[in-house]
Amino acid sequence: MSDKLTLVDGSAYIFRAFYAIRHLSNSRGLPTNAVYGFVTMLRKLLRERPPQAVAVVFDTKAPTFRHEMYSEYKANRPAPPPELVPQFELVRRAVRAFNLPCLELDGYEADDLIATLARRAQLSGWQVEIVSSDKDLYQVVGDGVLLFDPLKDREIGPQQVKQRFGSVRQAVDVMGLAGDAGDNVPGVPGIGEKTALKLLAQYGSFDNVLSAAGTIKGKLGERLREHEQQARLSRKLVTLDYHVPLDVDLDDLALCEPDQQALHELFSELEFDALLATISDAKSVDQSNYRLILDESQLQQVVEQIRAAGRLSVDTETSSERPMLAKLVGVSLCWEDESAAYLPLAHDSEGSERQLEMQRALEILGPLLRDPALPKVGHNIKYDQIVFANAGIELRGVAGDSMLASYLLAPDKRQHNLSEVAISTLGHRATSYTDVCGKGKAQIPFAAVALDTARDYSCEDAHLSWLLEQQLSERLEQQGLESLYHELEVPLIDVLARMERQGVLLERSILERLSIELAGSLEILRAKIYRSAGAEFNIQSPKQIAPILFEKLGLPVIKKTKTGPSTDVSVLEQLAPLHELPQMLLEYRSMSKLKGTYADALPGLINPHTLRIHTSFNMTSTATGRLSSSDPNLQNIPVRTPEGRRIREAFIAPPGCVLLCADYSQIELRIMARLSGDAGMCDAFERGQDVHRRTAGEIFDKPPDQVSDEERRRAKTINFGIIYGISAFRLGRELGIEVGEAKRFMDRYFERYSGVARYMEQQVEQAREHGYVETLLGRRRALPDINGRDHNMRMFAERVAVNTPIQGTAADIIKRAMLEVDREIGRVQGARMLLQVHDELVFEVPQERADELSQLVVGLMKSASSEVPIEVDVGRGRNWAEAH
């Protein structure tokens, strides 16, 4: 079998990759979509169609011989999109990292180089595969030479060329007559490929067609006669040069092994975590010094070594992913760059009889873990804190968390788990849980894993956390984020761990009654929906809803998805004024979610040991710095609907206590006033005025005391909408008014609050200049699309540029308040901080000490920000609904 040479049209595929994958960038805002698409295509090509030799060929910026022949050649080509320009060299870096020849030559196009190499290989008896879909390369196809389009998975050989151009030889004749609009090759005006093919079939050749132009009647003949020289020039322009002076032999193109180090450096820089995981199975972290601790003397020795080292990375192995249900199975420890140790505690696998008795092991290890003077680090160490606390050990001295460090450096990144961060930072593919425990029905508990296997897996986790925390801390310092990390995020770990362990009491009977009531309401609403629709259908099925709305009722299609017309919430909201059915569907969805997500699900999440609900606070899930909660999510319970308030009634205080809620009043508007310096908004807050009523007065041109409740409601919508970059269209929809009227409201708003308008413009301009925005405390968010050409993505980035400093500063302030409250709450006997929900803190306190706690919390929350004047609203009650 002949050797095979693959020639990749690199220039063409950069553009194809760029438009195939949109809106991808790294955390520093560098666009990476074209590189990712190109590399993905290249890897797939080499894997599925392996050659013996390969080259990737590129155009250069320099003019070619064709420009000398015709100055207007490719003159109509637009400049590359600005977000693509920095990726040209990155693609070349990727090619070189794969150890592939990267060929280009001034004065020639990539197609000329490909034609030259293809001819050389063909004459040497090689098979040639040209990776391109460019029709200019059809003329190169022949015996042993074909084109392959990987995006369409299509081969183009002589037969396919014949179907389009009549023959391979005739391809340049057709293009000479028809021209090429993409390359600004003029051809003969009015002649396309079909006409050119007819002429060539009738007269036999390009020259014959032009010679016969005098006998061809009508405008066709006139055009051929008038543009004969233009046609001959066009044919020269599309004819490829097979004699490019390339100083390269076919042997120089032999396929080599990739440069793993170069690939790792590039993929790490571009944050291609998935690709990093594929480049090598080799471990970049030395695991040869992992050991088991199986007796007291070994453990005592390790404790002494850790104390001498002065710092510790710790990780737990447990029986559950949910920390409040998890039982300790083992502990891994790392205190130096080259080694780690695993202490098995509750394994029941073969050889587990050698492990130390848990109580005795924790007696020896406990003082070390409790010592606040010994810094501890980990990855998601909050989980380990809770597990240790439930085992009777307070893990103190938490000094770092590589998950949090990764998050601060790249808040828009979706994954910050240990394996992803290890791949992107260290180039190390961590052993997965399923590697040691299996998958699905065959999965075993970690306690059943053999000790040696458990040692390697768990030691690796502690070891990686140790190495990552050091490397990421250096990056945090380089970006000026070390203060935010050490003074706000890391100290908050202790606070959240205590809150999660404390939990909140839940009255099961309230939710059980509500579930029954909601079931009845849903049944009634379902009957109304069927009557309105004139048919029965699955209300939860978008495929069945769409025909009812858009075919049966004839409502307009607002937007489409790959599967048909969309029926999402935004669509139903826009359709609601046109027919009663969309509004009823919205109500049904909302009520159904309340029933399933809260009324039915919450009782099942009551911890059997504490009889409380224990949510998990997520520190790395939002790009703005806001906390979120899960298992269950307590931040999405609606507060304005009767059903939502009923759910909050189920969250109760124990006998003799009350729940106390302290809520920042309009904090985002206050931050907007501070950041913008707008005189009117600042004056309203300084005077203690109702800012929404004042805004209504400004917009509707009347004294605030004459503003109606409806006008105040509209002003409130505008005030908060402005922060989130609301459009006139969206504002009109929310207020139920025409877009023109909504725009007039917004114009009037910006006239009266000109400082806000100026601030928004400045934020966008700064984001365009720097590629990111910051909060008052220095939290940073990259905005790679702020200078992009995609209108929708650019508009979104501009809204984020305005909103993130406001919402992120609010997040920073309440986190700072939580730290202050946690330090001082011990002064109020029996008081506990339970929940954080957006701008609200929820406490449990003995009834007789509620006034004392209220005074303390209000003072501390107000003092949490010297930058922004703050007000705090406080309520209390037997349950969450009463306290709010």
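The values are calculated or read from the model by the stated rules, or taken from the named source; none is laboratory data. Everything numeric here is computed off the predicted structure, so don't read it as measured data. So basically every Cβ, Gly included, is an ideal-geometry build from the backbone, and we count neighbours across all protein chains shown. The area values use the complete protein model at the heavy-atom level, side chains included, leaving out ligands, DNA and RNA. Shrake-Rupley method; radii C 1.70, N 1.55, O 1.52, S 1.80 Å.
Simple spin-label estimate for His770 and Leu220 gives 6.6 nm between the two label positions (7 Å along the Cα-to-Cβ direction from each Cα). Paramagnetic label reach from Arg154 (point 7 Å along Cα→Cβ; backbone nitrogen cut-off under 14 Å): within region 110-145, residues 132-136, 138. Once the C-beta distance of Asp705 and Glu751 is scaled by a Förster radius of 22 Å, the resulting FRET efficiency is 0.50 to the nearest 0.05. Reducing region 309-362 and region 676-707 to their Cα centroids gives an inter-centroid distance of 60 Å.
How high is the relative contact order of the chain, in percent, with contacts defined as C-alpha pairs under 8 Å that are six or more residues apart?
On the way: 1457 pairs, mean separation 88.7, N = 884.
Taking the mean separation of contacting Cα pairs over the length of the chain, I get 10 percent.
Give me the accessible area per residue for region 782-832, probe 1.4 Å, as a whole number in Å².
Working: 1980 Å² over 51 residues.
On a per-residue basis, 39 Å².
Glu363 to Ala527: extension gain in nm, 0.36 nm per residue of separation minus the Cα-Cα distance? Provide the component values of the computation, followed by the final result.
Values: separation 164, 0.36 × 164 = 59.04 nm, distance 6.41 nm.
Full extension of this stretch gives 52.6 nm more.
For Ser590 and Leu294, compute 0.36 nm times the residue count separating them, minus their Cα-Cα distance, and round to one decimal in nm.
Details: separation 296, 0.36 × 296 = 106.56 nm, distance 5.51 nm.
Taking Ser590 through Leu294 to full extension adds about 101.0 nm, to one decimal.
Over all distinct Cα-Cα pairs of the chain, the Kirkwood formula returns a hydrodynamic radius of 32.7 Å. Applying both filters, DSSP loop and at most 16 other Cβ atoms within 10 Å, to the trypsin sites (Lys or Arg not before Pro) of region 149-200 gives Lys152, Arg169. Relative contact order for region 147-273: 21 percent, from Cα pairs under 8 Å spaced at least 6 residues apart, divided by residue count.
About its Cα centre, the dipole of the chain is roughly 3100 debye, where the only charges are +1 on Lys and Arg Cβ and -1 on Asp and Glu Cβ.
Out of the trypsin sites (Lys or Arg not before Pro) in region 607-707, which ones are loop residues according to DSSP with at most 11 other C-beta atoms within 10 Å?
Working: sites: Arg612, Arg626, Arg640, Arg645, Arg646, Arg648, Arg670, Arg674, Arg687, Arg693, Arg694; in loops: Arg626, Arg640, Arg687.
Loop-located and lightly packed - Arg640, Arg687.
Ligands, DNA and RNA are left out, and with a 1.4 angstrom probe the accessible area of region 1-135 is 42 Å² per residue. Accessible area of Ile606 (1.4 Å probe, protein heavy atoms only, ligands and nucleic acids ignored): about 30 Å².
For the chain, the fraction of 1.4 Å probe accessible surface lying on carbon and sulfur atoms is 47 percent. How many Å² of accessible area per residue for region 413-473, probe 1.4 Å? So region 413-473 comes to 41 Å² accessible per residue, rounded to a whole number.
Where the centre of each part is set by its Cα atoms, how far does region 794-837 sit from region 740-755, in angstrom? Using only Cα atoms, the two centres lie 30 Å from each other. Note on Glu741 and Ala254: their simple-model spin labels are 7.9 nm apart, each label 7 Å out from Cα toward Cβ. Sites listed here are trypsin sites (Lys or Arg not before Pro) in region 739-831 whose DSSP assignment is loop and whose Cβ has at most 16 other Cβ atoms within 10 Å: Arg789.
Among residues other than Arg748 whose Cβ falls under 14 Å from its Cβ, what is the net charge (Lys/Arg +1, Asp/Glu -1)? The partial results should precede the final answer.
Values: positive: Arg694, Lys702, Arg714, Lys743, Arg744, Arg752; negative: Glu698, Asp701, Glu711, Glu741, Asp747, Glu751.
Summing Lys and Arg as +1 and Asp and Glu as -1 gives 0.
Does region 63-200 come out rounded, prolate or oblate, given a ≥ b ≥ c as the square roots of the eigenvalues of its C-alpha gyration tensor, rounded meaning a/c under 1.5 and, failing that, prolate meaning a/b above b/c? Working shown, then result.
Numbers: a/c = 1.83, a/b = 1.17, b/c = 1.57.
Cα axes put region 63-200 in the oblate bin.
For region 475-517 versus region 29-56, the spacing of their alpha-carbon centroids is 43 Å. Across region 870-876, rounded Karplus estimates of 3J(HN,Hα) from the backbone phi angles (6.51 cos²θ - 1.76 cosθ + 1.60, θ = phi - 60°) give 10, 10, 10, 9, 10, x, 8 Hz, Gly and Pro being marked x. The residue list Val131, Tyr749, Gln261 was ranked by how far each Cα lies along the charge dipole of the chain toward its positive end, using unit charges on Cβ atoms, and Tyr749 comes out on top.
Using only helices, what value at 222 nm comes out for the chain when you add -39,500 (n - 2.57) per DSSP H run of length 4 or more and divide by the total residues, to the nearest 500 deg cm²/dmol?
Values: 36 runs with 421 residues, N = 884.
Result for the chain: -14500 deg cm²/dmol, rounded to the nearest 500.
Relative contact order of region 25-176, taken over Cα pairs closer than 8 Å and 6 or more residues apart, is 19 percent. Rounded, prolate or oblate: pick one for region 119-178, where a ≥ b ≥ c are the square roots of the eigenvalues of its C-alpha gyration tensor, a/c under 1.5 means rounded, and failing that, prolate if a/b is larger than b/c, else oblate. Note, shape of region 119-178 comes out oblate.
In terms of its C-alpha gyration tensor, region 122-220 has a prolate overall shape, because the principal axis ratio a/c (a ≥ b ≥ c, square roots of the eigenvalues) is not below 1.5 and a/b outweighs b/c.
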